[in-house]
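Encoded as structure tokens, the structure appears first; notes follow it.
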Amino acid sequence: MSQAILQVRDLRVEYETASGPAHAVEFVSFDLHPGEFLAIVGESGCGKSTLLFSIAQLLTYPASTVGGQVLFEGRDLSSMGAEELRQLRWRDISVVMQSAMNALNPTISIGAQLADTCRAHTDWDDRKIAERSAEVLAMVSIDAAHLNSFPFQLSGGMRQRAMIAMALILNPKLVIMDEPTSALDVVAQRSLMRQVEDLRRELGFAVLFVTHDMSVVSHFSDRLAVMYAGEIVELGKTRDVFDRPRHPYANGLMDAFPSLVGEPRELVGIAGNPPSLVNPPVGCLFAARCPHATERCHTTRPELLPVDGHLVRCHLVASGEL
Ligand code: SF4
């Protein structure tokens with residue numbers, strides 16, 4: 001396989017709280033290859049958005065990265081200064097936020113916002129900026145007439161697509177997406193995802209995509225990482241993880257999610273709550289909710305180990321007992 005474009009190594013993020021540090025992301029490692037689509041799924045509060053923000057070097061107080069490395073094309077993002085990061089943003093790495101309404105400036109037109117990005121990062125003249133702005137809007141099926149529109153004049157789906165146009169305007173190699181479809185209805189979600197997928201194939205950028213809704217990525221991502229309480233508990237090819245989840249939490253997530261094919265089946269939730277991230281248990285973080293937990297699970301933290309082509313963090317799966 002090609003050289004990874006992004007290498008995340010033992011990344012750790014903490015939130016400062018009145019009761020002590022909350023361990024929001026714990027020793028997360030993975031590689032992302034050029035043109036690859038990696039989805040990160042998990043329930044609210046599992047650390048997936050915090051992980052993306054740490055990778056994009058966008059964390060703000062009370063969160064901070066306390067360990068690990070993020071290498072983009074071999075260069076350590078965490079050791080770069082503000083100017084070096086500014087050079088990289090939009091040109092090499094761009095970010096699409098959860099809510100375009102919060103990310104777009106409501107007081108200036110879409111065209112002016114696209115132009116601001118171009119002026120900050122290129123030496124393009126006004127004509128080139130106008131041409132490229134119309135071109136990227138067309139890529140996401142928005143008429144160039146909307147260059148003069150303000151964000152409030154667009155529908156929710158169009159605003160998200162305008163954000164994607166903005167993310168692609170300088171042809172980045174990596175697009176980081178934080179639940180970009182969460183505010184959309186199912187039809188708009190599907191159409192947005194199809195558009196992202198078509199553009200990824202055409203332009204070749206890699207995608208790192210966070211969502212709590214597995215159905216959003218089931219048909220689009222190459223690989224899937226399942227997060228629980230700040231850790232990756234399973235990582236593998238999306239189809240394999242869907243067809244044969246190995247970690248008990250990943251298995252529970254699949255049972256809680258309706259399948260689009262096959263016989264209708266009853267959905268089963270996962271009983272209990274995630275552990276405290278301020279005082280996490282010493283053993284497996286899923287032990288209190290896991291129907292298979294043994295004594296060892298409560299005393300020893302499992303490692304993420306290769307099992308049948310996946311990486312799985314579970315003592316019983318690693319020993320072949322599950
Ligand atoms: Fe369940 Fe034990 Fe595996 Fe954790 S290590 S997921 S508690 S079986």
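Tabulated data for the structure shown
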{"quantity": "Residue within segment 109-130 that is among the aromatic types (Phe, Trp, Tyr), farther than 21 Å from residue 8 by Cβ and free of Cβ contacts under 8 Å to residues at least 12 places away in the same chain present", "calculated": "yes"}
{"quantity": "Residue in segment 293-308 that is within 14 Å of residue 252 (Cβ to Cβ) and within 7 Å of the ligand (Cβ to nearest atom) present", "calculated": "yes"}
{"quantity": "Of all residues in segment 277-322 being farther than 20 Å from residue 230 by Cα and under 24 Å from the mean Cα position of the chain (by Cα), the one that is surrounded by the most Cβ atoms within 10 Å (Cβ to Cβ)", "calculated": "307"}
{"quantity": "Cβ-Cβ under 7 Å pairs, at least 6 apart or on other chains, segment 310-322 side touching a residue at least 60 places away in the same chain (Cβ under 8 Å) and assigned by TED's automatic domain parsing to the domain that holds residue 234, far side open to solvent by less than 20 Å² (accessible area, probe 1.4 Å) and more than 8 Å from the ligand (Cβ to nearest atom)", "calculated": "none"}
{"quantity": "Which listed residue, of 162, 115, is modelled with pLDDT of 95 or more, open to solvent by less than 20 Å² (accessible area, probe 1.4 Å) and among the small types (Gly, Ala, Ser)", "calculated": "115"}
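The values are calculated or read from the model by the stated rules, or taken from the named source; none is laboratory data. Being a predicted model, the structure only gives us computed values, none of them experimental. Methodologically, a virtual Cβ is constructed for each residue, glycine included, from the backbone with ideal geometry; neighbour enumeration extends over all protein chains shown. These area figures cover heavy atoms from the full protein model, side chains too; ligands, DNA and RNA do not enter into them. Shrake-Rupley method; radii C 1.70, N 1.55, O 1.52, S 1.80 Å.
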